[in-house]
Amino acid sequence: MPDSFRHNLRCFAVLFAVALSTAGCASVRYYGHVARGQINILRRREPLARVVADPRTPPQLARRLALAMQARRFASTRLALPDNRSYTSYVALDRPYVAWNVFAAPRYAVEAVPQCFPFAGCVAYRGYFRQSLAEQRAAQLSGQGLDVWVGPVPAYSTLGWFADPILSSMMRWDDDELAGTIFHELAHQRVYAKGDTAFNESFATFVEQQGVQQWRQSRGLPPALPRERAIEEGFTAQVLALREQLRGDYARGGDEAALAERKRGDIEAFRRNYAAWRDREFPGDHRYDAWVAQPINNARLLPFGLYDQWTGAFAALFRQADGDWALFYRRVQALARSRPVARDQALRRLAGARAPAR
C-alpha cells in the first residue's frame with residue numbers, strides 16, 4: 001500500500017483509562033487489550049538523545065531521529081504546539097505496524113458503523129494492537145452482513161494522555177512526512193472536538209501541511225514539489241466520486257439483487273475511470289494500481305476525505321489570524337467548543353472564503 005495513504009490510516013486514539021466505565025464483558029476485554037498494548041509501548045520507550053548517541057544505533061536511524069528531535073523542538077518553539085514529552089522518545093516495534101483499525105459499513109450504505117468511547121466520542125473505526133484480533137473482529141462484523149476493512153496504523157496519538165513516542169513504523173516515511181506526522185499528532189493534543197473526526201483530522205492535517213512548509217523554509221529548503229500532493233489529491237477525488245455515486249445508487253432503493261448489481265457496476269466504472277485518469281494525468285505512475293485491483297467495498301472507502309474535508313476552512317482561518325499560531329488555535333478551540341451544527345456552518349463559511357489575490 002502506498003505511503004501516501006498515511007493520513008487515512010494512522011490515527012488510533014487510545015484512552016485506556018475509560019475501560020472501567022464501559023459496561024459489558026466484550027468491552028472490558030477490548031479495553032484490557034488496549035491497556036496492555038499501550039502499557040507495552042510506554043514501557044519500551046527510550047529517550048531520543050540516548051538512542052541517537054548509542055554507537056549501536058544504525059547511522060541512518062540515528063540521522064532520522066536527530067532530525068525528528070529538531071522537528072519536535074520546532075513544533076513547540078515555532079508552531080506553538082504542546083511542549084511536553086510526547087515524541088521525545090523512541091520505540092523499536094517487533095512488528096511492521098503499531099496497530100490495525102477495523103472499519104465497518106452497511107452493505108448498501110456508505111456511512112460508517114460508529115465506534116463510540118466515553119471521552120473521545122464516536123469515530124469510524126476501532127483499533128487493535130494485534131492484527132489477529134483486528135481480523136477476528138472484522139470476521140465477526142462481516143458475519144453480521146457488514147462490509148469491513150482492516151487498515152494498518154503506522155502512528156497514533158493518545159490525545160495527550162501519555163507521552164507518545166516516535167515508533168519504528170514511522171521510519172518508512174521521508175523526512176517531511178516524519179516531521180509532518182509529529183506536527184499532526186501534536187495538533188490533536190492542542191485541540192480536539194469530541195466525536196467530530198472530520199474536524200479533528202482536517203485541523204491536524206492543516207497544521208501538518210503548514211508546519212512542514214515553515215519547517216522546510218527554516219532549514220533553507222525550497223517548497224516541496226506539488227506533484228506528490230496532486231497525485232494523492234487526485235486519487236482521493238476519484239474515490240470520493242465513487243462513494244457519492246454509490247450513495248446515490250443505494251438511495252434509489254430496490255431489492256438486494258438490484259442494489260448489488262449497481263454496486264458492482266459503480267466499482268467497475270471507478271476502475272475504468274481511474275485507469276483513464278492515471279494515463280491522462282500521470283502516465284507511467286502506477287502507485288495506486290494494486291489498491292484499485294483489490295476487492296473494494298463500502299468500508300474500504302470510509303477513511304477517504306476525513307483528513308482533508310475542512311483543510312480549506314482552516315487555511316482561511318489561519319489567514320484571518322495573520323499567521324499567528326496562538327490566535328489561530330484559540331479560534332479553532334472556540335469552534336471545537338461550539339455546537340456541531342454551528343461548527344459545520346462556520347466551517348462552510350470559511351471554506352467558501354477566497355484567498356486574497358497576490
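Here each label is just a point 7 Å from Cα along the line to Cβ, and for Cys122 and Asp83 those points are 4.0 nm apart. With protein chains left intact and a 1.4 Å probe, residues in the chain average 47 Å² of accessible area per residue. Each Lys and Arg contributes +1 and each Asp and Glu -1, all at the Cβ; summed about the Cα centre of the chain, the dipole is approximately 860 debye. Taking the average, over residues, of other Cβ atoms within 10 Å as the packing measure, peptides 135-143, 50-58 rank 135-143, 50-58 from highest down. Placing +1 on each Lys and Arg Cβ and -1 on each Asp and Glu Cβ, with no other charges, gives segment 159-279 a dipole about its Cα centre of roughly 160 debye. Could you state the number of Å between the C-alpha centres of segment 51-120 and segment 149-216? Here the answer is 7 Å between Cα centres.
The share of accessible area on the chain that comes from carbon and sulfur is 52 percent, using a 1.4 angstrom probe.
With θ taken as phi - 60° and the Karplus curve 6.51 cos²θ - 1.76 cosθ + 1.60 applied, the whole-hertz 3J(HN,Hα) list for segment 314-325 is 5, 5, 5, 5, 5, 5, 5, 8, 6, x, 7, 4 Hz, x standing for glycine and proline. Each part gets one Cα centre, and for segment 312-333 versus segment 229-294 those centres are 34 Å apart. Between Glu135 and Leu221, take the C-beta separation as r, use R0 = 30 Å, and let me know the FRET efficiency to the nearest 0.05. So the FRET efficiency works out to roughly 0.15. Each other residue within a Cβ distance under 14 Å of Ala105 adds +1 if Lys or Arg and -1 if Asp or Glu, for a net charge of +4.
Taking the average, over residues, of other Cβ atoms within 10 Å as the packing measure, peptides 221-227, 297-303 rank 297-303, 221-227 from highest down. Give the shape of segment 100-192 as rounded, prolate or oblate, defined through the alpha-carbon gyration tensor: a ≥ b ≥ c are the square roots of its eigenvalues, a/c under 1.5 means rounded, and otherwise the shape is prolate if a/b is larger than b/c and oblate if not. Taking the square roots of the gyration eigenvalues as a ≥ b ≥ c, segment 100-192 is prolate. Here the Karplus curve 6.51 cos²θ - 1.76 cosθ + 1.60, taken at θ = phi - 60°, turns the phi angles of segment 101-116 into couplings of 9, 10, 9, 9, 8, x, 5, 10, 7, 9, 8, 6, 6, x, 10, 10 Hz, with x standing for Gly and Pro. One decimal place: the segment Glu256-Arg280 gains 5.0 nm when fully extended, by the rule 0.36 nm per residue minus the C-alpha distance.
Please work out whether segment 157-240 counts as rounded, prolate or oblate from its C-alpha gyration tensor, where a ≥ b ≥ c are the square roots of the eigenvalues and a/c under 1.5 means rounded, while otherwise a/b larger than b/c means prolate and anything else oblate? It is oblate, given that a/c is not under 1.5 and a/b is not larger than b/c.
Between Arg95 and Glu233, the modelled label-to-label distance comes to 3.5 nm, taking each label 7 Å out from Cα in the direction of the beta carbon. For the chain, adding -39500 (n - 2.57) for each run of n ≥ 4 DSSP H residues and dividing by the number of residues yields -17500 deg cm²/dmol at 222 nm.
Per-residue 3J(HN,Hα) values for segment 82-91, derived from phi via the Karplus relation 6.51 cos²θ - 1.76 cosθ + 1.60 with θ = phi - 60°, read x, 9, 9, 8, 4, 6, 10, 9, 9, 10 Hz in sequence order (x marks Gly and Pro).
The values are calculated or read from the model by the stated rules, or taken from the named source; none is laboratory data. Every value quoted in this text rests on a predicted model; they were computed, and no experiment measured them. Glycine also receives a Cβ, built like all others from the backbone with ideal geometry; neighbour counts cover every protein chain displayed. Just the protein is used for accessible areas: all its heavy atoms, side chains included, with ligands, DNA and RNA removed. Shrake-Rupley method; radii C 1.70, N 1.55, O 1.52, S 1.80 Å.
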